[in-house]
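S.K.: One structure is given below, represented as structure tokens, and several questions about it will come after.
The values are calculated or read from the model by the stated rules, or taken from the named source; none is laboratory data. Predicted model, so just to flag it, every value in this text is computed and none were measured. Methodologically, a virtual Cβ is constructed for each residue, glycine included, from the backbone with ideal geometry; neighbour enumeration extends over all protein chains shown. Areas reflect the complete protein model, heavy atoms only, side chains present, ligands, DNA and RNA absent. Shrake-Rupley method; radii C 1.70, N 1.55, O 1.52, S 1.80 Å.
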Amino acid sequence: MNDKKPISVQGILRQSKQKRNGTVLYMIRKIQLELGKINSKTKYSKISEISFEGSRKKSINFPDRIVVCYKPSENRKRDEIRLFLNNNYRCYARNLKRNLLSTNFSFPKLLVDEGINEVNQKYYQRQKIKVNWRNKITGNLIRLLDGIHHEVAWYNLQLILDEYCFKYNRRYSIEWKVDLFMQEIAIRTGRIAHTQ
């Protein structure tokens with residue numbers, strides 16, 4: 001969580017010297033699920049859509065478009081974003097989850113759709129995002145999905161977008177992102193009182 005460049009599941013498996021790939025995969029997906037819940041607490045006000053050109057989209061499991069909800073700030077350095085799969089892709093991922101639930105999938109808890117990824121577009125103001133910002137987001141996502149994770153299953157794609165958004169939204173934080181994550185979890189579970 002603290003590295004600018006995230007580590008793939010295989011990289012974590014090698015570094016932690018674990019023997020079972022499933023254990024590490026479950027741990028990572030569970031953390032990403034929690035990151036999505038943390039991201040959903042922010043009140044976003046604007047919405048836009050980013051398209052990926054065909055020449056830059058190499059991976060089979062890479063979406064053509066993603067939805068960007070964002071909350072602008074005064075100095076543009078504290079902007080917060082939340083990336084979602086487009087409605088068609090979200091429906092496709094949801095159907096894949098349902099199909100996997102009917103099989104003997106190892107981690108059915110990770111396939112439960114809790115509705116945290118729903119985007120009701122009528123609550124947002126539509127606005128195009130600036131070209132430089134759009135290029136930065138698309139470039140980072142292409143590096144993340146093609147360069148680090150290589151191939152990502154559709155039902156895991158939203159979880160990886162949630163991890164990216166959590167890191168992006170806290171990019172200027174002095175504290176370690178792991179500490180921020182643990183504080184948010186403690187607040188959400190009622191272990192410590194929320195102070196502002």
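S.K.: Quick one: if you stick a label point 7 Å off each Cα along the C-beta vector at Thr42 and Ile142, how many nm between them?
M.R.: With each label placed 7 Å out from Cα toward Cβ, I get 2.4 nm.
S.K.: Now for a different question. If you roll a 1.4 angstrom probe over the protein chains with everything in place, what fraction of the accessible area of the chain belongs to carbon and sulfur, to the nearest %?
M.R.: That fraction is 51 percent.
S.K.: Moving on to the next point. Helix hunt in the chain: which complete DSSP H runs extend at least 15 Å axially by C-alpha with mean Kyte-Doolittle at least 0.0?
M.R.: 21-39, 177-189
S.K.: How would you rank 95-105, 163-173, highest first, on the average number of other Cβ atoms within 10 Å across their residues?
M.R.: The packing order, highest mean first, is 163-173, 95-105.
S.K.: Out of Asp146, Asp179, Asp162, any idea which swings most in a Gaussian network model of the chain, alpha carbons joined below 10 Å?
M.R.: Between Asp146, Asp179, Asp162, it is Asp179 that shows the largest mean-square fluctuation.
S.K.: Please give the contour-minus-distance gain from Arg20 to Arg98: 0.36 nm per residue of separation, less the Cα-Cα distance, rounded to one decimal in nm.
M.R.: Working: separation 78, 0.36 × 78 = 28.08 nm, distance 2.52 nm.
Net length gain for the segment: 25.6 nm.
S.K.: How do Glu74, Glu49 stack up against each other in accessible area, from largest to smallest, with a 1.4 angstrom probe?
M.R.: Details: Glu74 190, Glu49 80 Å².
Descending accessible area places them as Glu74, Glu49.
S.K.: OK, next. Using Stokes-Einstein with the Kirkwood hydrodynamic radius over Cα pairs, what translational diffusion coefficient do you get for the chain at 20 °C and a viscosity of 1.002 mPa s, in µm²/s rounded to a whole number? The partial results should precede the final answer.
M.R.: Numbers: Rh = 17.9 Å.
The estimated diffusion coefficient comes to 120 µm²/s.
S.K.: Holding the Cα-Cα limit at 20 Å, pick out from Lys41/Lys177; Lys37/Lys77; Lys17/Lys167 the pairs that are longer than that. Don't jump to the answer; show the numbers that get you there.
M.R.: Details: Lys41/Lys177 17 Å; Lys37/Lys77 23 Å; Lys17/Lys167 25 Å.
The pairs that break the limit, which is 20 Å between Cα atoms, are Lys37/Lys77; Lys17/Lys167.
S.K.: With springs only between Cα atoms under 10 Å, which of Val152, Val67, Val131 fluctuates most in a Gaussian network model of the chain?
M.R.: Maximum among the listed residues: Val131.
S.K.: Which residue, Lys41, Lys30, Lys71, tops the fluctuation ranking in a GNM of the chain built on C-alpha contacts under 10 Å?
M.R.: Judging by the Gaussian network model, the answer is Lys41.
S.K.: Another question about this same structure. For Ser173 and Ala153, compute 0.36 nm times the residue count separating them, minus their Cα-Cα distance, and round to one decimal in nm.
M.R.: 4.1 nm
S.K.: Given the rule -39500 (n - 2.57) for each run of at least 4 DSSP H residues, summed and divided by the residues of the chain, what is its mean residue ellipticity at 222 nm, to the nearest 500 deg cm²/dmol?
M.R.: For the chain, the value works out to -13500 deg cm²/dmol.
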